[in-house]
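Here's the structure we're looking at; comments come further down.
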Amino acid sequence: MYLSISKRFEFSSSHRLHVSGWSDEQDEAVYGREARSPHGHGHNYVAHFIFNGPVDEKTGMMINVTAIKDKIKDVIDGQYDHKYFNDDVLSLRDLVPTAENLSRLLLKEVQPLFEDTTARPVACHLSESPTSEATAYEDGRVERHLWMDFSAARRTHSPFLSDEQNLEYFGRAASPSGHGHHYRLRVTLSGDVDRTHGMIYPEKESRRILAELHEQLDHRNLSTDIPQFQNMPMTTEMLSRFFYTHLDAHMP
């Protein structure tokens, strides 16, 4: 069994996404609005530090969360909170302060603080906005998470089942009249972080692809308005598979 605990930290800071030596047009092509203001823009960041280790049989704890708070708080408050990353954080002078780079740097900086404990920081999950997050792992992997909200109706049913079978499997959700949901789609990108622009996939392009998908699905009846869904079982599992296949084809 792999057991982990996490501790949450908040801080407010600002940054501008741009590459030294690039023109404004080059920055805009990769980062979109994140690059526009020469003075940067702010985020209310939330960082979750995830720990793994053995549980002490006497205390019943992997590590005292107070120890986590005391050690990491000085790093967050002293180096990151209310800073302009591009100018004020020395370790970011040669890095674009993307969510990918920030999560990786935060994990790297807190790991030495716990060399004397059996519980170790194994990941840092950083949220910079309700639609943008990144996770860095101790083995060097980094993931980028993008969120998209949309509202749509659907009838949960399978065209391969009779009306009686659909009712048996899905209950009221199989009603021909359908029902509505407010969906939250999380897209997780994994791969190498580009050494120049500091992202797994360019921000502007990923947002464009999600915006097109939002336009296609928002305030639609998925069962009747979207041709791709009309000959398949209309379940959450099948919707997830559709999103994965669609985005995998558009985000090579």
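The values are calculated or read from the model by the stated rules, or taken from the named source; none is laboratory data. Since the structure is predicted, the reported quantities are computational estimates derived from the model, not experimental observations. Note: ideal-geometry Cβ built from the backbone for every residue, glycine included; neighbour counts use all protein chains shown. Each accessible area value is taken on the protein alone, full model and side chains, heavy atoms only, with ligands, DNA and RNA left out. Shrake-Rupley method; radii C 1.70, N 1.55, O 1.52, S 1.80 Å.
Do you know which residues across region 206-252 are touching a residue at least 12 places away in the same chain (Cβ under 8 Å), in a helix (DSSP H, G or I) and under 27 Å from Glu25 (Cα atoms)?
Once the filter is applied, which keeps residues that are touching a residue at least 12 places away in the same chain (Cβ under 8 Å), in a helix (DSSP H, G or I) and under 27 Å from Glu25 (Cα atoms), region 206-252 yields Ser206, Arg207, Ile209, Leu210, Leu213, His214, Leu247, His250.
Going through region 195-205 one residue at a time, which ones are open to solvent by less than 60 Å² (accessible area, probe 1.4 Å), part of a loop (DSSP other than H, G, I, E, B) and not hydrophobic (A, V, I, L, M, F, W, C)?
His197, Gly198, Tyr201, Pro202
Of the numbered conditions (1) open to solvent by less than 30 Å² (accessible area, probe 1.4 Å); (2) assigned to a helix (DSSP H, G or I); (3) hydrophobic (A, V, I, L, M, F, W, C), Leu113 satisfies every one except a single condition; which is it?
Here Leu113 clears every test but (1).
Restricting region 164-182 to residues that are of a type outside the set (A, V, I, L, M, F, W, C) and over 14 Å from Ser223 (Cβ atoms), which is surrounded by the most Cβ atoms within 10 Å (Cβ to Cβ)?
Applying the first criterion (of a type outside the set (A, V, I, L, M, F, W, C)) to region 164-182 yields 164-166, 168-169, 171-172, 175-182.
Narrowing further to those that are over 14 Å from Ser223 (Cβ atoms): 164-165, 168-169, 171-172, 182.
Details: Glu164: 9, Gln165: 13, Glu168: 11, Tyr169: 15, Gly171: 10, Arg172: 9, His182: 8.
Only one residue fits best here, namely Tyr169.
Pick from region 45-87 the residues that are of a type in the set (Ser, Thr, Tyr) and open to solvent by 40 Å² or more (accessible area, probe 1.4 Å): which of them is farthest from the chain's Cα centre (by Cα)?
Quick first cut of region 45-87, residues of a type in the set (Ser, Thr, Tyr) only: 45, 59, 66, 80, 84.
Adding the requirement that they be open to solvent by 40 Å² or more (accessible area, probe 1.4 Å) leaves 59, 66, 84.
Working: Thr59: 34, Thr66: 27, Tyr84: 22 Å.
Applying the filter and picking the extreme gives Thr59.
Hey, does region 152-162 have a residue that's over 12 Å from Met234 (Cβ atoms), open to solvent by 60 Å² or more (accessible area, probe 1.4 Å) and out of contact with any helix residue (DSSP H, G or I) (no Cβ under 9 Å at 6 or more places or on another chain)?
Filtering region 152-162 for residues over 12 Å from Met234 (Cβ atoms) gives 162.
Right, trim to open to solvent by 60 Å² or more (accessible area, probe 1.4 Å) and you get none.
Checking region 152-162: not a single residue is over 12 Å from Met234 (Cβ atoms), open to solvent by 60 Å² or more (accessible area, probe 1.4 Å) and out of contact with any helix residue (DSSP H, G or I) (no Cβ under 9 Å at 6 or more places or on another chain).
So which pairs qualify, if the first residue must be in region 171-184 and assigned to a loop (DSSP other than H, G, I, E, B), the second must be surrounded by 13 or more Cβ atoms within 10 Å (Cβ to Cβ) and not charged (D, E, K, R), the Cβ gap must be under 7 Å, and the two must be at least 6 apart or on different chains?
Gly178/Ala153; Gly178/Asn221; Gly178/Ser223
Looking only at residues in region 116-135 that are in contact with a His (Cβ under 7 Å, 6 or more places away or on another chain) and either outside any strand (DSSP E or B) or of a type in the set (Ser, Thr, Tyr) (or both), which one is modelled with the lowest pLDDT?
Ser129
Please verify whether region 139-148 includes one or more residues that are of a type in the set (A, V, I, L, M), farther than 30 Å from Gln230 by Cβ and assigned to a strand (DSSP E or B).
yes
Evaluate the following for Gly32: is it in a helix (DSSP H, G or I), surrounded by 15 or more Cβ atoms within 10 Å (Cβ to Cβ) and modelled with pLDDT under 95? It would help to see each step written out before you state the result.
On the way: in a helix (DSSP H, G or I): yes; surrounded by 15 or more Cβ atoms within 10 Å (Cβ to Cβ): yes; modelled with pLDDT under 95: yes.
Answer is yes for this residue.
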